[in-house]
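The values are calculated or read from the model by the stated rules, or taken from the named source; none is laboratory data. Everything quoted here is computed from the prediction, not taken from an experiment. Glycine gets a Cβ as well: all are built from the backbone with ideal geometry, and neighbour counts include every protein chain shown. The accessibility values were calculated without ligands, DNA or RNA, using every heavy atom of the protein model including side chains. Shrake-Rupley method; radii C 1.70, N 1.55, O 1.52, S 1.80 Å.
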Amino acid sequence: MDSLGIPFFIVILIAVAGEAVWSHHKKKGVYNTKESLGNLAILIGNNLLKPLSLAWKYLIFHAVAAYQIFSIPTNATTIVLTFFVAEFAYYWYHRLSHELHLLWTLHHTHHSSPWMNLTTAVRLNWLGSFISPVFFLPFVLVGFSPEILAGSLALGLFYQFFLHTEAVGQLGFFEGWLLNTPSAHRVHHGSNEKYIDKNYGGMLIIYDRLFGTYERETEKVKYGVTTGFLSHNPIKTNFLPL
């Protein structure tokens, strides 16, 4: 893990420990030992694959950058614009991961847990990090910086880690306007009929508003997938849906 990854990893460990203490004290039961260990094993697998996935991202981004149509300068305005572009690309990647069977077989890993806690955030299919960068290539081709796009995606994913919790209730006025929230993301993980295929946003919820996929949390969320529980085994969780 690089020098930037270590502080983030420490923050994640502290957050998980804090949520576990909260769950035990409030008797919420949001943690299952076997499930959390399985999620940790998936995280370890993704970190072992990280050198390959980063090399792949670097390779395809810079291969496409050689043919950029425009040269967009890097300044405060274009950095902010790039962030919104990255969120737009993420929205459609995430949405299509629910709507297209091939992509759903990968994304299924993240949604198959019947528990919602911070370890669920790292329950990401081992092949997914090789697919998601492809959705950013059109914006690299247009002229956006590959480095800033990648940085925006990383920021969004770090933010999303903290959305996977029941410890934060609804945030009143802040719900459903600009930023994604734990409440909105709980809806996204719901298998309730009214919650299915809703709230695809990363850091932002504005694209869900724009494209009609926003749903407010109004009933208790039933987590998991409609086909039922699969396994605690990280190998099965990653590859059985394939």
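Send over a whole-number figure in Å² for the accessible area per residue of the chain, probe 1.4 Å.
52 Å²
Quick one: check the C-alpha center-to-center distance for the stretch 88-137 versus the stretch 18-67, whole angstrom.
11 Å
Which parts of the stretch 219-242 would a label at LEU49 reach, counting a residue when its backbone N lies under 16 Å from a point 7 Å out along Cα-to-Cβ?
Answer for the stretch 219-242: 233-242.
Please list 3J(HN,Hα) in residue order for the stretch 235-242, calculated via the Karplus relation 6.51 cos²θ - 1.76 cosθ + 1.60 where θ = phi - 60°; whole Hz, with x for glycine and proline.
With coefficients 6.51, -1.76 and 1.60, one gets 5, 5, 4, 7, 10, 4, x, 5 Hz.
If you project the alpha carbons of the stretch 143-216 onto their three principal axes, what span does each projection cover, largest first, in Å?
Cα extents, longest axis first: 40, 27, 25 Å.
With Rg and the Kirkwood Rh both taken from Cα atoms, where does Rg over Rh land for the stretch 1-111?
1.05
Give me a comma-separated list of calculated 3J(HN,Hα) values for the stretch 65-81, in order, Karplus coefficients 6.51, -1.76, 1.60 applied at θ = phi - 60°, integers in Hz, x for any Gly or Pro.
3J(HN,Hα) across the stretch 65-81, in whole Hz: 4, 5, 10, 4, 6, 10, 10, 8, x, 9, 8, 4, 5, 6, 5, 5, 4.
Stokes-Einstein diffusion coefficient for the stretch 106-242 at 4 °C in a medium of 1.567 mPa s, Rh from the Kirkwood formula over Cα pairs: what value in µm²/s?
81 µm²/s
Using the Cα centre of the chain as the reference point, and only Cβ charges (+1 on K/R, -1 on D/E), how large is the resulting charge dipole? Debye, rounded to the nearest 20. It would help to have the intermediate numbers written out before the result.
Numbers: 16 positive and 14 negative charges, 100 e Å.
That gives a dipole near 480 debye.
Just name one of VAL134, ALA167, SER112: the one whose Cα is farthest towards the positive end of the charge dipole of the stretch 87-195 (beta-carbon charges, Lys/Arg +1, Asp/Glu -1).
Of the listed residues, the answer is SER112.
Mind checking the full-extension length gain between TRP92 and PHE130? Use 0.36 nm per residue of separation minus the Cα-Cα distance, one decimal, nm.
12.1 nm
Given a 1.4 Å probe and heavy atoms of the protein chains only, how would you sort LYS57, LYS194, LYS26, largest accessible area at the top? Walk me through the numbers on the way to the answer.
On the way: LYS57 45, LYS194 75, LYS26 115 Å².
Per-residue accessible area, sorted high to low, gives LYS26, LYS194, LYS57.
Using the charge dipole of the chain (Lys, Arg: +1 at Cβ; Asp, Glu: -1 at Cβ; taken about the Cα centre), state which of TYR67, PHE229, LEU179 has its Cα farthest towards the positive end.
In the chain, that residue is PHE229.
Give the label of the value calculated from the structure for volume of the Cα convex hull per residue in Å³, choosing from (i) 134; (ii) 171; (iii) 110.
The value matching this structure is (i).
Convert each backbone phi in the stretch 162-178 into a coupling constant with the Karplus relation 6.51 cos²θ - 1.76 cosθ + 1.60 (shift: θ = phi - 60°), then list the ³J(HN,Hα) values in order as whole Hz, x for Gly and Pro.
Taking θ as phi minus 60°, the curve returns 7, 7, 8, 7, 9, 6, 10, x, 5, 9, x, 4, 6, 6, x, 10, 10 Hz for the stretch 162-178.
Among the lysines in the chain, how many pairs, 8 or more places apart or on different chains, have alpha carbons under 19 Å apart?
10
Placing +1 at every Lys and Arg Cβ and -1 at every Asp and Glu Cβ, with all other atoms neutral, what dipole size does the stretch 121-242 have around its Cα centre, in debye to the nearest 20? All intermediate terms of the calculation are to be shown ahead of the outcome.
Values: 9 positive and 9 negative charges, 49 e Å.
Rounded to the nearest 20 debye, it is 240 debye.
List the residues, sorted by chain then number, that are 5 or more residues from LEU179 or on another chain and whose placed amide H is less than 5 Å from its amide H.
ILE205
Amide H to amide H under 5 Å from LYS222: which residues, 5+ apart in sequence or cross-chain, H placed 1.01 Å off N in plane?
Answer set, sorted by chain and number: SER191, ASN192.
Which far-off residues, 5 or more places away or on another chain, put their amide H under 5 Å from the one on SER113, with H placed in the peptide plane?
Excluding prolines and chain starts, which carry no amide H, there are no hits.
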